[in-house]
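Below is one structure; the comments refer to it alone.
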Amino acid sequence: MRMREVLDGAQARARFAAWKARTISRVMVQTGMLSNLRWPGARRLVTELLRGKTGPSTLFKVHRENTPYSMAVVDPRSMYRRMAAGEGAGEGAGEGAGEPAKDRIYSFRELDETMDRLALALHRRGIGPGRGVLVMLKNRAEFLMIQPAVGRIGSAAVSVSWRSTVPELCYLAEHSGAGALFFDAELASLIEEAAPRLKGIPRENIVAVGGDAPGFHTFEEVVARAGAGRVPDLSEGGSVVMYTSGTTGKPKGAVRTFSKDAMAATLAFIGETPSQVGDVHLVVLPLYHATAFAFASMNFVVGGSVVVLPEFRPELFLEAIERYRVASTAVVPTMLYRVLELGEERIRRYDLSSLKWVIVGGAPLSAQLAREAMQVLGDKLYQFYGATETGVVTVASPEDMRAAPGTIGHAVPGVEIRLIDEAGKDCGAGEVGELFARSPLLISGYHRDAKATEDATLQGFFSVGDLARRDAAGRYFIEGRKRDMIISGGVNVYPAEVEAALHEHPAVAEAAVVGVPDQEWGERVRAFVVRRAGASGDDASEEAIKAHCRTRLAGPKVPREVVFLDELPRNPTGKVLKRELVRWQEA
């Protein structure tokens, strides 16, 4: 028996090695990476691989040798003035405000050199394995330099929302074991208040980014004063820690390390997209969240460049696509809706011909919104499902979304998915179960929280508590969160099904469904609806929406109440805060 297990294990490893080799070669040809590889880059790549270096740090070293003067990162300063003034784009925007500032462009050579100098400076300040670095920035080009630099010395880059309060920041600093902090200069007053309470972080290790902050070193000073010296290459021990939003208790720190198989897994996803060497990717989601950083990093993999927009505004977003000839961008559904609200005529003023694909995730994308977006943008819309803990799990192409509205697509090659029912058994096609995923991109666990790690793990598979079903064609559909499932009169009601029905009503722009206590039924369904602009009258009334749902849903699933809101409560990454809706009380 033992010999059989050994043989089976060896065969599985051999199959995976063969898959990995096929994936890497196929995607390198498909994206143009192979034909773009020059001798200096190839030599560096082979050298790093022979040293066992396969993490993100290697990526920038190879590009530095291969295409040293290619554009890597763009800090779009020419757009800052209008953002600061709260202006939109379009004709005449910003006129009379003086000559716009020039964009700051970093080549791959300059980017890699900055990372080296920053890593050396941090090493000399006592940062290394076991000492994390907090990164509390708004969207800035420097964000894309700090994380890889921290990884080079075997430390952990800990992303922190710039909206965090002093107590939240102090908790994350203590829990993560941080020894340094990079903060946005606009947050100087908050950091000044927090600094005495950050016991593990000496003041000289608290660094302002994007401007001066009295009493603190600046990013430019730290880099300039690093001087010459060798950086100890501990990149195989580097990691990224992202704290997930806690619904109860304190947030959990998801620890992502970079295994030798992570690059193949990343390329497997890239192979499902139209990505090409030299593409420009536009960042508009907050970089402290996994989605924004992940897709920017994927564009770096293929030797593309990244434009970092400080914040999202619909028309400035469109202008950035036109100005920088953007090929890809990652958004959440709310952003997509706000762009479509501009109207097709207004959108068509911008040249979006460079755009190849828009990846949507972070929150459910309704079938109706997907259809409307593809009508305006063309078949360039892709949807992914994933989480901080799992990486990207599924991807839906435009063809998938047209064939099966509401789908999150099929498993990314190399990702295994199990749907587990309440009895602990694997689900068949059409059955709803908790979604567990396994791939080389899984986190290693939650920082200093073995219990939470164990609770989320099943035989090497990881779950964040989402419920899903699979159709006969192997496409997956999210039915909601396990904790959000509603049991009304003994019937399981999956919020996603009700929300999908609501989104089909012509007056509904956005909808969210929760369960609220009910003496007779245990729970009853309550729908929160944001009407489309201009929708009013009997056709957009509570009774009209209920009648619409009755034609599509069984009795227990039809909302007993419809509450109209101006907007749904969301976190900065676009997820609806259903816990706030559960607690909602009419004013």
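The values are calculated or read from the model by the stated rules, or taken from the named source; none is laboratory data. Please read all numbers here as calculations on a predicted model, not as lab measurements. So basically every Cβ, Gly included, is an ideal-geometry build from the backbone, and we count neighbours across all protein chains shown.
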From Ser259, Ser239, residue being under 26 Å from the mean Cα position of the chain (by Cα) and surrounded by 20 or more Cβ atoms within 10 Å (Cβ to Cβ): Ser239
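Of the residues Asp426, Asp455, Asp466, which single one is surrounded by fewer than 17 Cβ atoms within 10 Å (Cβ to Cβ) and modelled with pLDDT under 95? It would help to see each step written out before you state the result.
Working: Asp426 fails: modelled with pLDDT under 95; Asp466 fails: surrounded by fewer than 17 Cβ atoms within 10 Å (Cβ to Cβ).
Selected residue: Asp455, the only one of Asp426, Asp455, Asp466 that is surrounded by fewer than 17 Cβ atoms within 10 Å (Cβ to Cβ) and modelled with pLDDT under 95.
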Cross-chain or 6+ apart pairs with Cβ under 6 Å, region 546-561 first and in the same structural domain as Gly489 (by TED's automatic domain parsing), then of a type in the set (D, E, K, R) and surrounded by 12 or more Cβ atoms within 10 Å (Cβ to Cβ): Val558/Arg550; Arg560/Arg524; Glu561/Arg526
Wholly within region 232-338, strands (runs of 3 or more DSSP E) carrying at least 1 residues that are aromatic (Phe, Trp, Tyr) and either closer than 26 Å to Lys575 by Cα or touching a helix residue (DSSP H, G or I) at 6+ places or on another chain (Cβ under 6 Å) (or both): 239-243
All helices (runs of 4 or more DSSP H) inside region 1-71 with 2 or more residues being modelled with pLDDT under 90: 2-31, 39-50, 56-66
Selection from region 80-133 of residues that are in contact with a helix residue (DSSP H, G or I) (Cβ under 7 Å, 6 or more places away or on another chain), assigned to a loop (DSSP other than H, G, I, E, B) and at pLDDT 90 or above: Asp103, Arg125, Pro129
Gly362 vs. criteria closer than 18 Å to Thr273 by Cβ, surrounded by 19 or more Cβ atoms within 10 Å (Cβ to Cβ) and touching a helix residue (DSSP H, G or I) at 6+ places or on another chain (Cβ under 6 Å): yes
Meets criteria (in a loop (DSSP other than H, G, I, E, B), farther than 30 Å from Ala262 by Cβ and touching a residue at least 12 places away in the same chain (Cβ under 8 Å)) for Leu352: yes
Hits in region 426-470 - residues which are part of a loop (DSSP other than H, G, I, E, B), of a type outside the set (A, V, I, L, M, F, W, C) and closer than 26 Å to Phe16 by Cα: Gly428, Ser439, Pro440, Ser444, Gln459, Gly460, Ser463
